[in-house]
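Reviewing the structure listed below.
The values are calculated or read from the model by the stated rules, or taken from the named source; none is laboratory data. What you see is a predicted model, and the numbers here were worked out from it, not measured in a lab. No Cβ is skipped: glycine too gets one built from the backbone with ideal geometry, and neighbour counts run over all protein chains shown. Remember, those area values only see protein heavy atoms, side chains included, never the ligands or the DNA or RNA. Shrake-Rupley method; radii C 1.70, N 1.55, O 1.52, S 1.80 Å.
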Number of protein chains: 2
Amino acid sequence: MAEVKGGEALLFLTDEQLRQGIEAMFFAYRGFTADPDRILETMAYGRAHHRAIHFIARSPGTTVNNLLAILGVTKQSLNRVLRTLIEDGLVESRVGTRDKRERHLYLTEEGETLERKLSDAQRARMRAAFRAAGPDAVTGFRQVLEAMMDSDMRRRYHAIREAGT
Amino acid sequence: MAEVKGGEALLFLTDEQLRQGIEAMFFAYRGFTADPDRILETMAYGRAHHRAIHFIARSPGTTVNNLLAILGVTKQSLNRVLRTLIEDGLVESRVGTRDKRERHLYLTEEGETLERKLSDAQRARMRAAFRAAGPDAVTGFRQVLEAMMDSDMRRRYHAIREAGT
DNA sequence: TTGGAGTGTCAACAAAGCTGACTTAACCTG
DNA sequence: CAGGTTAAGTCAGCTTTGTTGACACTCCAA
């Protein structure tokens, strides 16, 4: 399994190093979601609502099915979240013109206001972390995260990146 | 996408870059938990059990209170999980010798077997990601994650690292 | 034009968080 | 040693967010 590269590739993959990586991931993810969670709990929303709002903002007009695949939940689970967001006037669902089975999702102005509030908080933390760690670290950070994704998630990740730019 | 290097530290923190960081974190965390989740769902356990088992394995003899703080859940929530693990003979709870109010937690042999199974799966993915990204990337990865933690979580992260080494 | 496949919705249920109130036992301090 | 504090565990009840099953509407191709 462990191929001896030069000599260096060995030490750096000890179980201890890997465990530290696992724990870093666990603790960092807690920080990553902490700020939006604080905002959300003052309203009747949770993390699931945040995720839906984020990806609708990122790909306006996306279909329910597409969102399903990105979020990796069942459609019933997403539907509940989506229904409250639509009822509360944060998300608009338009019947597809080409295919009337599809619903295309958009944020309303109110929805965009909340999205900005949530993503401002999350970006602020990400910005602070990036700044503290420096540009080279950020490159490495992204490389490792990308290598950690399942391949279909990696595809989606790139698809969104291209659309978003 | 192609950033102008000359302006360095400024351009590199565009909202688009930050959003990509956020999404990378989201997709990668999914991959990070996918393998253990698959194993756990064949038994009657969930992610909460995995977390408890991981940190008991990492700090044998830890107290309930300590675990509570590390996991960031309520006593009632942890207790439910811990109770099933003790009943099933994966975790042992010993009354403290110095302070008899405390319970010290240990994995039984059976518990260690499951722990190894879960952590093997997770480490395999982490190892693959580290190997694919390279040593410098791993350094950056850890720097950014550490900067993203809340300060008290960062303290705990270091405390465990020292104990585990 | 009809039957199968795709998209979305509703209902009911389960896992795992949460709060609040309480008990028991042990420790510690005045 | 009495009284307050701390560690752990428990009971009840709620919320969020996941699940499966059944169903309706739409499209498309045989």
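Find all pairs meeting these conditions: Cβ atoms under 7 angstrom apart; at least six residues apart or on different chains; first residue within the range B:48-74 and on the phi < 0 side of the Ramachandran plot; second residue part of a loop (DSSP other than H, G, I, E, B) and open to solvent by 30 Å² or more (accessible area, probe 1.4 Å). From the range B:48-74, the pairs are B:THR63/B:GLU102. Please tell me if A:LEU114 is within 8 Å of DNA strand C (Cβ to nearest atom), part of a helix (DSSP H, G or I) and of a type in the set (A, V, I, L, M, F, W, C). No; evaluated as a whole, the condition is false for this residue. Would you confirm, using the coordinates I've provided, whether A:SER119 is without any contact (Cβ under 8 Å) to a residue 40 or more places away in the chain and outside any loop (DSSP other than H, G, I, E, B)? Spelling it out, it is not the case that A:SER119 is without any contact (Cβ under 8 Å) to a residue 40 or more places away in the chain and outside any loop (DSSP other than H, G, I, E, B). The condition of being within 30 Å of A:ILE22 (Cα to Cα), within 16 Å of DNA strand C (Cβ to nearest atom) and either of a type in the set (A, V, I, L, M, F, W, C) or at pLDDT below 95 (or both) holds for only one of A:ALA121, A:ALA128, A:ALA69, that being A:ALA69. Out of A:LEU68, A:LEU118, A:LEU78, one residue alone is open to solvent by less than 80 Å² (accessible area, probe 1.4 Å), among the aliphatic types (A, V, I, L, M) and near DNA strand D (Cβ under 8 Å from one of its atoms). It is A:LEU78.
Would you call B:ARG101 surrounded by fewer than 21 Cβ atoms within 10 Å (Cβ to Cβ), of a type outside the set (Val, Ile, Thr), in contact with a strand residue (DSSP E or B) (Cβ under 9 Å, 6 or more places away or on another chain) and part of a loop (DSSP other than H, G, I, E, B)? Yes: the conditions hold for B:ARG101. In a residue-by-residue description of the range A:42-53, the property of being assigned to a helix (DSSP H, G or I), more than 12 Å from DNA strand C (Cβ to nearest atom) and away from chain B (no Cβ under 14 Å) applies to at least one position. In the range B:100-110, of all residues being near DNA strand D (Cβ under 10 Å from one of its atoms) and in contact with a Ser or Thr (Cβ under 9 Å, 6 or more places away or on another chain), the one that is nearest to B:HIS50 (Cα to Cα) corresponds to B:LEU105. Within the range B:80-116, if we keep just the residues that are of a type in the set (Asp, Glu) and under 13 Å from B:ALA57 (Cβ atoms), the residue that is nearest to the chain's Cα centre (by Cα) turns out to be B:GLU115.
For (1) of a type in the set (Val, Ile, Thr); (2) away from chain B (no Cβ under 14 Å), each residue gets a yes or a no:
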| position | (1), (2) |
| --- | --- |
| A:LYS75 | no, yes |
| A:VAL95 | yes, yes |
| A:ARG103 | no, yes |
| A:GLU109 | no, yes |
| A:ALA124 | no, no |
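Can you find, within the range B:133-155, the residue that is nearest to the other protein chains (Cβ to nearest Cβ) among those that are more than 16 Å from A:ALA124 (Cα to Cα) and among the polar types (S, T, N, Q)? Selected residue: B:GLN143.
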